[in-house]
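Below is one structure, written out as structure tokens; comments come after it.
The values are calculated or read from the model by the stated rules, or taken from the named source; none is laboratory data. Predicted model only: the values in this text are computed from it and were never measured. Cβ sites come from the backbone with ideal geometry, for glycine too, and all protein chains shown count toward neighbours. Each accessible area value is taken on the protein alone, full model and side chains, heavy atoms only, with ligands, DNA and RNA left out. Shrake-Rupley method; radii C 1.70, N 1.55, O 1.52, S 1.80 Å.
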Amino acid sequence: MPYILFFHGWPSSSYDWRYQIEYFSTEGYGVIAPDLLGYGGTDKPADLEQYRYKLMSDEIVSLLGCEGIKEVIGVGHDL
């Protein structure tokens with residue numbers, strides 16, 4: 001089964017996806033729902049440059065690489 005990557009919107013956290021995480025996990029999908037920078041338990045840098053889409057997307061690519069995941073189905077809201 002493929003992996004599903006859930007992106008939360010503003011001003012939210014990965015907690016928003018709790019029902020989808022449970023459902024898709026039990027259906028056999030791999031699920032990743034990270035808290036994006038500045039939300040949930042992540043760092044909250046004062047430097048606004050740290051929130052640029054390119055830097056944040058590089059963080060997601062790095063996360064997927066660390067997990068050995070090469071392909072995902074992306075799902076998001078309020079992005």
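Which members of region 48-62 meet the condition of being among the β-branched types (Val, Ile, Thr) and open to solvent by 70 Å² or more (accessible area, probe 1.4 Å)?
If the condition is that a residue be among the β-branched types (Val, Ile, Thr) and open to solvent by 70 Å² or more (accessible area, probe 1.4 Å), then VAL61 is the only one that fits.
Would you call PRO11 on the phi < 0 side of the Ramachandran plot, modelled with pLDDT of 90 or more and not hydroxyl-bearing (Ser, Thr, Tyr)?
Details: on the phi < 0 side of the Ramachandran plot: yes; modelled with pLDDT of 90 or more: no; not hydroxyl-bearing (Ser, Thr, Tyr): yes.
Judged against the criteria, PRO11 is not a match.
Have a look at GLY65, GLY28, GLY41, GLY74 and point out the one that is part of a strand (DSSP E or B) and loosely packed, with under 13 Cβ neighbours inside 10 Å.
Details: GLY65 fails: part of a strand (DSSP E or B); GLY28 fails: part of a strand (DSSP E or B); GLY41 fails: part of a strand (DSSP E or B).
When all the criteria are applied, what remains is GLY74.
Considering only region 1-44, how many residues are in contact with an Asp or Glu (Cβ under 6 Å, 6 or more places away or on another chain) and either in contact (Cβ under 8 Å) with a residue 24 or more places away in the chain or more than 24 Å from LEU55 (Cβ to Cβ) (or both)?
5
Scan region 1-25 for residues that are open to solvent by 60 Å² or more (accessible area, probe 1.4 Å), among the polar types (S, T, N, Q) and farther than 17 Å from ILE73 by Cβ and report the count.
Result for region 1-25: 0.
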